[in-house]
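Asks: I have a structure here, written as structure tokens, and I will follow up with some questions on it.
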Amino acid sequence: MAEVVFELLHLELVSRLRAGGEAGAGEPERGKCISTLEGMGFRAGQGLIERFTKESPSFKDELDVMKFICKEFWTNLFRKQIDNLRTNHQGTYVLQDNRFRLLTPISNGKQYLEEAPKFLAFTCGLLRGALSNLGIDSAVTAEVSALPACKFHIVIQAS
Amino acid sequence: MSRQSSKRPEKPKIVRSVLFSPCLYRVLRLQNWSRKWFLHHLRMLFRGIELFVLTYGTVVAQLCKDYENDEDINKELNKMGQNIGSRLVEDFLARSSITQCRNFRETADVIAKVAFKMYLGVTARVTFWTLAGDDCSIFLEKNPLMDYAEVPNKHSSLLYSNMICGILRGALKMVRLQVDVQLLQDTGKDNKITEIRMRLLRRRKVALAVAKQNE
């Protein structure tokens, strides 16, 4: 039941983002706000992955990590698994969620498509933070073509 | 609150009935597969709170960066809480099917025993009622928001859990009760308990416009 409170808190953060963006300048201000939200997600993700992997054994390889993210991590956060995981086996992964929980209240189709990135910034940060605490540096972006389905693109940065 | 659940009730009802009533014997009477499903979902449910608690922590941390003054941070938390509370109350009423409370005492009891349990997983205690019955203290022995948080000394007047006060205020406003909610004590280095003081200011009358139309 606490997911409802999280969803409402997330909604509140996104709506504050809008208010801040309109008052200031155009694109640069809004970009800064979105990256702030992503940064918050990053810190939350770092903390969460610590709690979730306390008892589990260490991961064999990168693919194992991604499978954990798609199954257990996503289930603990959004009560469902990632629907589709694709990879090119060279460090790029695409996670597809056909009914992303934070997008389902917004619309069902193409309406509000331009607003969707704001609702995905926090989750991109969550993924990046989780991977970071598992020792994987990555860049996470999201792509939406029709709500509530969305894809998260994770590109592992070679260190 | 009692729920009559049949031998094979719909899945959500099992979870709610066990959470809100002490009839745990019902769990033992379930078939093995149902019990496994129930326990699995119970574990998943209480995981949800971690996401909220950690997100809340990042929100407060970000506000500490954005604002210099502790008072401003407290006000901002309160404002955010009011927006959240005004929506949360609808979810609460839909899930709990509470009937209308007859007085403020009942309202406070419902908040402490049902609402806090539902959303934070802890039960609160309501005490220190004034004679008029419009002012009370809600005590939280365990504040889940503070589980992973530590407030540094330089933010000595920061009310970390102030969003809860905002949520209560926003939610009660939607049911036409104007209340003043203050966080008196917060769990931290010196305190072991969270105390929220809730005072009923007035009940808002509805449909004044309708009355004027009828005149």
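Taken together, the values in this text are just the output of simple stated rules run on the coordinates, not laboratory data. Owing to the predicted nature of the structure, the values given are computational and were not obtained by experimental measurement. Heads up, the Cβs are rebuilt from the backbone with ideal geometry, glycines too, and the neighbour counts pull from every protein chain shown.
Asks: If one takes the longest principal axis of the Cα atoms in chain A, at what angle in degrees, from 0 to 90 and to the nearest 10, does the Cα axis of helix A:116-133 lie?
Replies: 30
Asks: Which net charge results for the neighbourhood of B:Asp180, defined as the other residues with beta-carbon distances under 13 angstrom from its beta-carbon, given Lys and Arg at +1 and Asp and Glu at -1?
Replies: +3
Asks: Express in % the proportion of alpha carbon pairs of segment B:51-162 at distances exceeding 18 Å.
Replies: 60
Asks: What translational diffusion coefficient, in µm²/s and rounded to a whole number, does the Stokes-Einstein relation yield for segment A:24-108 at 20 °C and a viscosity of 1.002 mPa s, taking the hydrodynamic radius as the Kirkwood radius over Cα pairs?
Replies: The estimated diffusion coefficient comes to 142 µm²/s.
Asks: How would you order B:121-128, B:81-88 from highest to lowest mean count of nearby Cβ atoms within 10 Å?
Replies: For the peptides B:121-128, B:81-88, the packing ranking is B:81-88, B:121-128.
Asks: Shielding of B:52-65 by partners, i.e. mean partner chain Cβ atoms within 10 Å per residue?
Replies: The per-residue average across the peptide is 6.
Asks: Apply the a/c threshold of 1.5 to the C-alpha gyration tensor of segment A:43-159 and tell me whether it is rounded, prolate or oblate.
Replies: prolate
Asks: Shielding by partners for A:36-47, please: the mean number of other protein chain Cβ atoms within 10 Å of each residue's Cβ.
Replies: 4
Asks: Related question: Where does helix A:2-23 land angle-wise versus the long Cα axis of chain A, in degrees 0 to 90, nearest 10?
Replies: 50
Asks: Measure nothing but the geometry: give the 0 to 90° angle between the long axis through the Cα atoms of A:27-52 and the longest principal axis through the Cα atoms of chain A, rounded to 10°.
Replies: 30
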